[in-house]
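The values are calculated or read from the model by the stated rules, or taken from the named source; none is laboratory data. Please read all numbers here as calculations on a predicted model, not as lab measurements. Quick reminder, even Gly has a Cβ in these numbers, built from the backbone with ideal geometry, and neighbours come from all protein chains shown. Heads up: the accessible areas ignore ligands, DNA and RNA and are worked out on the full protein's heavy atoms, side chains in. Shrake-Rupley method; radii C 1.70, N 1.55, O 1.52, S 1.80 Å.
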Amino acid sequence: MYKPLKKEIVSVLVLNQANVLTRVVSLFGRRGFNIDSLTVSATNDPTLSRITIVFSATEQSMQQIITQTEKLEVVKHICILNREHSLYRELLLLKVMAEPQQRAGIKEIVDIFRAKIVDLSRDSMIIELTGTPEKIDGFMDVISEYDVVEVCRTGITGIEGNTAKKDN
């Protein structure tokens, strides 16, 4: 019987030590999970790091991987980020070819999405955009009419909150 996959965002607080990321990620890989997005960052406590993992799983297999991850001695806390009570952001850096006559059109798109032009050369621009994955996907769709040379996305990072703000 087919069981639908659900995309989940998991926040894992781990000890800030060598090889911790490898141990957590290899657990997902050994169990056959494909990680869609992975970010690691420092926290306000220098002994801890936060790993944010985005992956797809059935409800049952998701609970199994969460339980197995919790058992690792380097894991201090793990939680599934609730989409309604958490904030998510992603960073995009995009290089687009921009002849002088195209710059006004590109700048208009940049302004609408509240992005920034962070570098400008004679024939290209580098644009920075921070927002929800949906906002970045929308920007990518609109800017695709231009000659996009290079794209770099950080992956999702998130934090649990009391209420989610609907700001893109």
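Below is a table of values for the structure above.
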{"quantity": "Residues satisfying the stated conditions in region 106-127, i.e. assigned to a helix (DSSP H, G or I) and surrounded by 13 or more Cβ atoms within 10 Å (Cβ to Cβ)", "calculated": "ILE106, LYS107, ILE109, VAL110"}
{"quantity": "Out of GLY155, GLY161, GLY138, sole residue that is at positive phi and not β-branched (Val, Ile, Thr)", "calculated": "GLY155"}
{"quantity": "Boolean, MET97 is open to solvent by 20 Å² or more (accessible area, probe 1.4 Å) and in contact with a Ser or Thr (Cβ under 6 Å, 6 or more places away or on another chain)", "calculated": "yes"}
{"quantity": "Selected residue (only one of GLN68, GLN60 is over 25 Å from PRO133 (Cβ atoms), surrounded by fewer than 13 Cβ atoms within 10 Å (Cβ to Cβ) and touching a residue at least 24 places away in the same chain (Cβ under 8 Å))", "calculated": "GLN60"}
{"quantity": "Identity of the residue in region 130-145, open to solvent by 40 Å² or more (accessible area, probe 1.4 Å) and of a type outside the set (D, E, K, R), that ends up nearest to MET97 (Cα to Cα)", "calculated": "SER144"}
{"quantity": "Odd one out for ALA104, checked against (1) among the small types (Gly, Ala, Ser); (2) farther than 16 Å from GLY155 by Cβ; (3) under 22 Å from the mean Cα position of the chain (by Cα)", "calculated": "(3)"}
{"quantity": "Qualifying residue in region 48-69 (condition: modelled with pLDDT of 95 or more and acidic (Asp, Glu))", "calculated": "no"}
